[in-house]
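Undergrad: First the structure, which I've put down as structure tokens, then a few questions once you've had a look.
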Amino acid sequence: MKEPILRGPVLLQTGFRIFFLGAAVQAVVSVLFWYFFYVAGGNIFVAMPLTVWHGHEMVFGFSMAVVAGFLLTAVMNWTGQPTLHGFSLLLLFLFWLGARVLAFMPASFSLYPCITFNLLFMSYLAIAVMRPIIAVKQWKQSAVFSKLILILISAMFLYWALMHEELIIQRKALRFAVYMLISLIFTIGRRVIPFFVERGVGYPVHLRNSRFIDLSSLIFLVLFSIFDIFWPQPVVIISLCVLLTIVHVLRLAGWYTLGIWKKNLLWVLFSGYLFLISGFLLKIWTIIRQQPDDAALHAWTTGGIGIFTLGMMARVAWGHTGRNIAQPPRLVTVMFFSIIISACVRVFFPLINESHYIMWVAISQLLWVFAFCLYLFLYFSVLISSRPDGKFG
């Protein structure tokens, strides 16, 4: 891959630098606002229904910033083609940042500017990811690109529902976007986790992968997403959750080796993956008990998406800035434990003692904020500084 001739500011050389910083700041700021609204009883002034605003900023703000940073870096490595850098990368980031700022505007402020910026961000990102893939005709990457398009479509339905005050459709659109993010994590995890384990445990290891499991995972999750959103048949959804649990337990078992527990950048990815699996089990539990699936949703989001993305942000930011991946910052382990405990408190503690629900939410929020503040403390200088080897990126 040829290095761009115009290097420009370090922060704009590769997508992960500016977007991982943005994602970490968004993770802190939006959850602190959520704490102020939901736990501390602050005035509700945003233009969206409060729970929809929270979901919107977690999905299209935090999560999509991590996706943008990762994919702009990964696609460059997969295709050998340069991705956005310099002014074009800055423009993409400004679209994302504009949507974040406008989402915090009071209810008297129009939602149209926020919607416009967010759709510009997601559309531009999809094009930026698609162009190098098409240039080298690497059609196997279409699994990644298709999920970006489906998340974009879910955003369009969400915004239509917001304009027409259709709360049920708003929540369904957000939930579908969450399922597509889960699918994207499964797709990326299939590519990177075995690779990371084989090169990271420090001894020869042969990991098992199965074409049948790969296809089953995709088909079952697509069916689950369709049935749960559009035609919620309890028996069908329970059956699909059982199948998804079996498939992903088998997949994860094929990648497992004892050496991962000595490498914090490995076991954190396994932890996030296990939370995604636990979400399917909790979905079964809530259907049987005829209860809202709040625990399952937060197992997928706070647990699966939160832990997995923080693990990837830590690894990519360290490795792709030319540092020794076997020697990350020592406090990374504290950071990982903080977000894992945050997820455990948010998901499982309300099931044990629902009478302290608000307290569990508050503790989880503060642990989440601490984890991402620690990320900013450890990685801010890494992300804004040149590589030690002087290379572009």
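Undergrad: With the Cα gyration tensor of the range 261-303 in hand, convert its eigenvalues to equivalent ellipsoid semi-axes via √(5λ) and list them largest first in whole Å.
TA: Sorted largest first and rounded, they come to 26, 9, 5 Å.
Undergrad: If a paramagnetic tag sat 7 Å from the Cα of LEU281 along the Cα-Cβ line, which residues of the range 216-251 would have the backbone N under 20 Å from that point?
TA: 217, 221, 237-251
Undergrad: Mind checking the full-extension length gain between LEU94 and VAL192? Use 0.36 nm per residue of separation minus the Cα-Cα distance, one decimal, nm.
TA: 32.4 nm
Undergrad: Next question, about the same structure. Find the all-direction average of the projected area of the Cα convex hull for the range 144-246, expressing the result in square nanometres with one decimal place.
TA: 7.8
Undergrad: For the range 82-133, which chymotrypsin sites (Phe, Trp or Tyr not before Pro) pass both filters: DSSP loop (anything but H, G, I, E, B) and at most 16 other C-beta atoms within 10 Å?
TA: PHE104, PHE109
Undergrad: Over the range 201-295, what percent of the accessible surface lies on carbon and sulfur atoms, probe 1.4 Å?
TA: For the range 201-295, the apolar C and S fraction of the accessible surface comes to 72 percent.
Undergrad: Please quote Rg/Rh for the range 86-190 to two decimal places, taking the Kirkwood radius as Rh and restricting both calculations to Cα atoms.
TA: Over the Cα atoms of the range 86-190, Rg/Rh equals 1.01.
Undergrad: Here's another thing I want to ask about it. At what distance in angstrom do the alpha carbon centres of the range 222-264 and the range 138-191 lie from each other?
TA: Cα centroid of the range 222-264 versus Cα centroid of the range 138-191: 18 Å apart.
Undergrad: Hey, any idea what % of the range 349-393's accessible area is carbon plus sulfur with a 1.4 Å probe?
TA: Answer for the range 349-393: carbon and sulfur cover 69 percent of the accessible area.
Undergrad: Here's something else I'd like to know. Total Lys pairs in the chain closer than 26 Å by alpha-carbon, pairs eight or more apart in sequence or interchain only?
TA: The number of close lysine pairs in the chain is 7.
Undergrad: Ok, one more. Given a 1.4 angstrom probe, what's the average accessible area per residue across the chain, in square angstrom?
TA: 44
Undergrad: Under Stokes-Einstein, with the Kirkwood radius over Cα pairs standing in for Rh, what whole-number D in µm²/s applies to the range 321-393 at 4 °C and 1.567 mPa s?
TA: Stokes-Einstein gives a translational diffusion coefficient of 92 µm²/s.
Undergrad: How much accessible surface does THR302 have with a 1.4 Å probe, in Å² rounded to 10?
TA: Roll a 1.4 Å probe over it and THR302 shows about 20 Å².
Undergrad: Using the eigenvalues of the Cα gyration tensor, what equivalent ellipsoid semi-axes result for the range 24-76 when each is taken as the square root of five times the eigenvalue, whole Å, largest first?
TA: They are 27, 11, 6 Å, listed from largest to smallest.
Undergrad: I'd like to compare 306-317, 214-225: which one has the highest average count of other Cβ atoms within 10 Å, and what's the full order after that?
TA: 306-317, 214-225
Undergrad: Separation between the THR257 and VAL39 pseudo-spin-labels, each 7 Å from Cα along Cα→Cβ, expressed in nm?
TA: In this crude label model, THR257 to VAL39 measures out at 4.0 nm.
Undergrad: Between (1) 21.3, 66; (2) 26.5, 90; (3) 20.1, 61, which matches Rg and Dmax of the Cα atoms in Å calculated for the structure shown?
TA: Comparing each candidate, only (3) matches the computed number.
Undergrad: Let me ask something else about it. Averaged across orientations, what area in nm² does the convex hull of the alpha carbons in the range 18-170 project?
TA: Convex hull of Cα atoms, orientation-averaged projection: 9.1 nm².
Undergrad: Out of every Cα pair in the range 250-393, what percent are spaced more than 21 Å from each other?
TA: 49
Undergrad: A follow-up question, please. Which percent of the accessible heavy-atom area of the range 65-189 goes to carbon and sulfur, probe 1.4 angstrom?
TA: Using a 1.4 Å probe with all protein chains present, the range 65-189 comes out at 72 percent carbon and sulfur.
The values are calculated or read from the model by the stated rules, or taken from the named source; none is laboratory data. The structure displayed is predicted, hence computed values, not measured ones. Cβ sites come from the backbone with ideal geometry, for glycine too, and all protein chains shown count toward neighbours. With ligands, DNA and RNA removed, areas are computed over all heavy atoms of the protein, side chains included. Shrake-Rupley method; radii C 1.70, N 1.55, O 1.52, S 1.80 Å.
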